[in-house]
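Asker: Sharing a structure with you now.
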Amino acid sequence: MTEKIAKNNFNSKQFAIWLGAIILGSFLGTLGLNWLNDFFNFIASVYTRLFKFIAVPTIALAIMTTLALLGAKKNTGKIFLHTITYTLLTTLAASIVGAVLFKLIAPGNLPSELVKQGQSDVQQFKSISYYDHILSVVPDNIISPLSGGNVLSILIVSAAIGLAIAYLKDSENAQILLKGILGMQEVLFTLIRALVWALPLGIVAFAAQLAAQMSAGVIIGSLGKYVAVVLGGNILQFFVILPLFLLAKGINPFRVLRGMTPAVLMALFTKSSAATLPVTVECAENNLHAKPAVARFILPICCTINMNGCAAFILVTSLFVMQNGGIPLTLPTILLWILISVISAIGNAGVPMGCYFLTLSLMSGINAPLGILGIILPIYTIIDMIETAVNVWSDSCVCAIVDKKLLREDVE
């Protein structure tokens, strides 16, 4: 009992430190000192690079070890099935909320001159087909997924290796290899705990960086009703829909949010689910007390396929672009694009601006006016921040739900 009280006090202290870091960083960022802004940009870049460096082996080793240890057990299938089920349900809910808000708020068309101006802004991005995007997931060598940070490719390779070790469970060499991988994972999580301990300095830098951008007018301005639909859908998903999923399973959403706040804030600033993964796993195990076998298996998968905010962005942006292109938005069309947005979000990698590039590919495939995406680009920073936070919050909810459902299962 005493240990539990001490743990809660530590979590409260950690939350207070993080909140203080955000306030301090926001204040320093508004001072307009160029040398200070440059320093914070450097610190933010260092932290982002470190977490990206940790994220790739975190995904690989977590999937390998979990499948190697649980691959031969029937509970592995249960964990995976529950994860996929709640991923699909939450992502579908986010897309439906976005569609309903789009019809209610009804953003109008933009002036053609503005669309033409946006066309030049979007030309800097190379558009690839969705088929090329899927093909890029299939690795042609073992190095390229790791060097390129292709999250889906890493997931496929790691799962294959983990299942192979599980299949060779009676082999002495396989057991030696598994012990080595488990040792590497323990070293990795020690590094993660060190980074999380030092993260308040990074949060000061992230908050200052954002405040400086807002003060300079870099991300001020919006497309009015369109932005209201995108952000409104994400806010509803964060504060209403996902807590309802938790309440339906008898889980206190406030307890989960409190425990996962560091991960949600990290996602807000880094704009990358994959880069946030080390913090997400650490919070799930230490604050929510999720079973390591569950958290280290579910969260790497979720950070790859559970993209609630991305699904809402893809749907609303696609409808907005098609509407400006003169495509009638009938009920069958909207329902079709709800399905497309869910499938596309699952196939998206958890990297900054991943949803933007994916939407660009989809709209390019139907010859829609891409100039709209050029207009959206300057405000996408804010959208990306919020949708990434929603993605990580959704990952946390799925982990909490599956962990509770498997409370009496033998997953040790």
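Asker: Anything over 31 Å Cα to Cα? Flag those among Lys78/Lys169; Lys103/Lys291; Lys13/Lys404; Lys78/Lys225; Lys13/Lys249, in the order listed.
Answerer: As for pairs spanning more than 31 Å Cα to Cα, those are Lys103/Lys291; Lys78/Lys225.
Asker: Contour minus end-to-end for Arg193 and Asn252, with contour as 0.36 nm per residue of separation and end-to-end as the Cα-Cα distance?
Answerer: Contour length minus Cα-Cα distance gives 18.7 nm.
None of the figures in this text is laboratory data; all of them are computed from the coordinates on show. The structure presented is a predicted model; accordingly, all values stated were derived computationally and were not measured.
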